[in-house]
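Below is one structure, written out as C-alpha cells; comments come after it.
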Amino acid sequence: MKIASVNAFLLSYPLPEPLRLTYYGGERTILKRDAMLIRVEADNGLVGYGPGQGSEKAKAGIDSIVAPFLERRTLADPDALRVQFLEAAGHHLDAQKLYCSVEIALYDLLGKSKGVPVSELLGGRMRDRIRLYGSAGMYMSPEQYAAEALAISRLEFRAYKMRPGIGPDQDLETVRLMREAVGPDFDLMVDAHTWWRMGDRSYIGATIEKLTEQLSEYNIAWLEEPLPPDDHQGYRRLKELDLVPIASGEHEPDEPGFQDLIVTGSVDYIQMDVVVQGGYPAGRRVLREVERAGLKFAFHSWGTALEVVAAAHLGVCWPEQVVEWLEYPCYSTPSSAGMYPFPLAAEVLKSPLEIDHGDLIVPRAPGLGIEVDEGVIARYPWIPGPWSFFQIDSPRETRSVTADHSEPWYGQEPPHLGKSA
C-alpha cells in the first residue's frame, strides 16, 4: 500500500461574539477556535485521518516537508518510515513534531488496511475504557464555577477541571464552593496556568505556597502549572511540601524536558498532548519513563473529539495506575454546560464518542474506529490570525495564544517559590 496524498486542512469556528473574560491581572479575549484535519489517502482508496496543530505555520510545514516525503512511499512499518523521515529532515524538532502528528493519520490508515484498531498497532490494549475529566471553567465568579462544576457532574463525568486566576482569596472561595456543590467524592482539578501570566500581578512564590496549603483542605485531585513550566526547581520545592498532587508537562518543548520532570520527581502527574508534543512515539517513550518512576500520567487534550480518541488509543495500552486520566474539553451547547460553543469539535465525527459513566469506550473498529465528516472542511473555513489574546494590565501589553501548547510564554520575572514581594 502506497501513500497517494497527504493534505492538511485548517478549520476555524468564529464565536458569535468575542468572549471577554476578566481575570486578576487583565483580560482574555477569545475570537474563535481553530483546528486541523489531516487526511492521508492510499493508492487503494483507503483514507486515514488525524488531528493537527491549527496554525498556518504547521500547515506550511506539512505541505512543504512532510507531504512531499510521504507521497509515493510504501506504508508498512511506521517506525521505519519515521526513521527515514528524521534522517531526511535532519532531526529538526519542529519537523519531527509535525511528522508525528501526521503519523496519527498513518496509523489510522494502516489499522484500516490491516483490520485492527490503532491500539493494537501501538502495543496492544490492556483495557477498553479510559477515565475522562470534564474540562471547562474559565475566569468567572466563584458561584458560576460552582454551578458549572455541578452541571458537569450531572453529565456523569467524575471530575471537573477549571482555570482560576481571579485573585488568591477568590480562587480559594471558588474551590470551597465547588467542593460544597459536588460533594466529597467528585474529583476537582485546578489548572493555575494564569497565575504566572499576569505580569506584575502574577502570584508570588509565598502566595502560591499559602494558597496551595489552603487548597489542600478541599482534597483536589491536582494543582496544574502553578509556576512557569520551565521552573522545574520550583516545582520540586512545591511538591516536597506534600500539600496537594502537582501536575505539569503540556508546555514542555522537548523530551529532555519531560525526562527532567520525571527523573527529578518534580511533579506527581505528567501531562502531554500527543498532537503537538511528539505524537505516539514520544508518548510511548514518556509513558515508559512515567511507569518506571512510579508516577502518573494524564493526557492534555484541548481540541476536537478526533484528538480525544487519538490519545485514547495510546492510553488504553497502559494500565490505569499509569495512565489515569484523559482530558475531555466541555464546550457549551444549547442543552449542555461548557465554557463556550465550538461545534466543530464534535461535528468532525459523524457519530459521537461513546461515554459511559465518565469513561470513554475506546472503539475496536479498524484504525481509530471512527468516521470523519469531511463536510467540516467546507462548513468551517480557515480564518487567519490568533484565536485568543491575553491583555495584561501591568506592564500594559497583549500576547496571543498559539496553537502549540509546548511553546513557552513568560510574563515578567517568573514567580519562584520563596521569593518575597
Determine the pairs where a residue that is open to solvent by 60 Å² or more (accessible area, probe 1.4 Å), located within segment 86-103, has a partner that is in a helix (DSSP H, G or I) with Cβ atoms under 8 Å apart, the partner being 6 or more residues away or on another chain.
ALA88/PHE69; ASP94/GLY61
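May I ask you to verify whether ARG39 is closer than 28 Å to HIS251 by Cβ and touching a strand residue (DSSP E or B) at 6+ places or on another chain (Cβ under 6 Å)?
Numbers: closer than 28 Å to HIS251 by Cβ: no; touching a strand residue (DSSP E or B) at 6+ places or on another chain (Cβ under 6 Å): yes.
Answer is no for this residue.
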Out of all the residues in segment 282-303, which are closer than 23 Å to ILE370 by Cα, touching a helix residue (DSSP H, G or I) at 6+ places or on another chain (Cβ under 8 Å) and open to solvent by 10 Å² or more (accessible area, probe 1.4 Å)?
ARG284
Filter segment 374-390 down to the residues that are at pLDDT below 95 and farther than 11 Å from LYS32 by Cβ and list them by number.
PHE389, PHE390
Which residue is farthest from TRP302 (Cα to Cα), if the candidates are limited to segment 135-145 and must be open to solvent by 10 Å² or more (accessible area, probe 1.4 Å) and assigned to a helix (DSSP H, G or I)?
GLU143
Over segment 180-192, the set of residues open to solvent by 30 Å² or more (accessible area, probe 1.4 Å) and either closer than 14 Å to GLN214 by Cβ or out of contact with any helix residue (DSSP H, G or I) (no Cβ under 8 Å at 6 or more places or on another chain) (or both) is PRO184, ASP185, ASP187
What single numbered condition from (1) surrounded by 22 or more Cβ atoms within 10 Å (Cβ to Cβ); (2) within 25 Å of the chain's Cα centre (by Cα) fails to hold for SER55?
(1)
For segment 81-132, how many residues are of a type in the set (S, T, N, Q) and not in a helix (DSSP H, G or I)?
0
Output the number of the condition that ASP230 fails; it satisfies all remaining conditions of (1) open to solvent by less than 10 Å² (accessible area, probe 1.4 Å); (2) out of contact with any Cys (no Cβ under 8 Å at 6 or more places or on another chain); (3) not in a strand (DSSP E or B).
(1)
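Among residues belonging to segment 395-421 that are among the polar types (S, T, N, Q) and surrounded by 14 or more Cβ atoms within 10 Å (Cβ to Cβ), point out the one that is modelled with the lowest pLDDT.
Pass one, segment 395-421, residues among the polar types (S, T, N, Q): 398, 400, 402, 406, 412, 420.
This time we only want the ones that are surrounded by 14 or more Cβ atoms within 10 Å (Cβ to Cβ), so: 402, 406, 412.
Working: THR402: 76, SER406: 62, GLN412: 42.
The extreme case among them is GLN412.
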Tell me which residues, restricted to segment 304-327, are free of Cβ contacts under 8 Å to residues at least 40 places away in the same chain and either surrounded by fewer than 18 Cβ atoms within 10 Å (Cβ to Cβ) or closer than 19 Å to SER101 by Cα (or both).
ALA311, GLN321
Which condition number does GLY50 fail, the rest of (1) out of contact with any Leu (no Cβ under 9 Å at 6 or more places or on another chain); (2) in contact (Cβ under 8 Å) with a residue 40 or more places away in the chain being met?
(1)
So LEU215 fits all but one of (1) assigned to a helix (DSSP H, G or I); (2) open to solvent by 10 Å² or more (accessible area, probe 1.4 Å); what number is the exception?
(2)
Any idea which of (1) in contact with a helix residue (DSSP H, G or I) (Cβ under 8 Å, 6 or more places away or on another chain); (2) touching a residue at least 40 places away in the same chain (Cβ under 8 Å); (3) within 17 Å of LEU21 (Cβ to Cβ); (4) β-branched (Val, Ile, Thr) is the one VAL175 doesn't satisfy?
(3)
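Could you list, in sequence order, all residues of segment 146-165 that are assigned to a loop (DSSP other than H, G, I, E, B) and open to solvent by less than 10 Å² (accessible area, probe 1.4 Å)?
Answer for segment 146-165, where residues must be assigned to a loop (DSSP other than H, G, I, E, B) and open to solvent by less than 10 Å² (accessible area, probe 1.4 Å): PRO164, GLY165.
Examine segment 66-74 for a residue that is touching a Ser or Thr at 6+ places or on another chain (Cβ under 7 Å) and part of a strand (DSSP E or B), and state whether such a residue exists.
The initial filter retains those residues of segment 66-74 that are touching a Ser or Thr at 6+ places or on another chain (Cβ under 7 Å), namely 71.
From what is left, the residues that are part of a strand (DSSP E or B) are none.
Looking through segment 66-74, none of the residues is touching a Ser or Thr at 6+ places or on another chain (Cβ under 7 Å) and part of a strand (DSSP E or B).
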Somewhere in segment 317-332, is a residue in a strand (DSSP E or B) and of a type in the set (Gly, Ala, Ser)?
no
Residues being assigned to a helix (DSSP H, G or I) and surrounded by fewer than 20 Cβ atoms within 10 Å (Cβ to Cβ) - total across segment 166-176:
6
Conditions first: (1) out of contact with any Gly (no Cβ under 8 Å at 6 or more places or on another chain); (2) open to solvent by 10 Å² or more (accessible area, probe 1.4 Å); (3) assigned to a helix (DSSP H, G or I). ARG20 passes all but one, so which condition is the exception?
(3)
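Return the residues of segment 342-386 that are assigned to a helix (DSSP H, G or I) and either within 16 Å of ILE104 (Cα to Cα) or basic (Lys, Arg) (or both); say none if nothing qualifies.
To start, the set of residues in segment 342-386 that are assigned to a helix (DSSP H, G or I) comprises 344-347, 376-379.
Once the filter is applied, which keeps residues that are assigned to a helix (DSSP H, G or I) and either within 16 Å of ILE104 (Cα to Cα) or basic (Lys, Arg) (or both), segment 342-386 yields only ARG379.
How about segment 259-281: which of its residues are under 23 Å from LEU368 (Cβ atoms), among the β-branched types (Val, Ile, Thr) and in contact with a Leu (Cβ under 7 Å, 6 or more places away or on another chain)?
Listed by number, the list holds a single entry, VAL274.
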Counting only residues that are under 17 Å from GLU374 (Cβ atoms) and touching a residue at least 12 places away in the same chain (Cβ under 8 Å), segment 31-47 contains a total of 10
So how many residues does segment 200-209 have that are open to solvent by 10 Å² or more (accessible area, probe 1.4 Å), part of a helix (DSSP H, G or I) and farther than 18 Å from TRP222 by Cβ?
4
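The values are calculated or read from the model by the stated rules, or taken from the named source; none is laboratory data. These numbers were taken from a predicted model, which means no experiment stands behind them. When we count neighbours, we look across all protein chains shown, and the Cβ atoms used for this are built from the backbone with ideal geometry, even at glycine. Note: areas computed on protein heavy atoms with side chains; ligands, DNA, RNA excluded. Shrake-Rupley method; radii C 1.70, N 1.55, O 1.52, S 1.80 Å.
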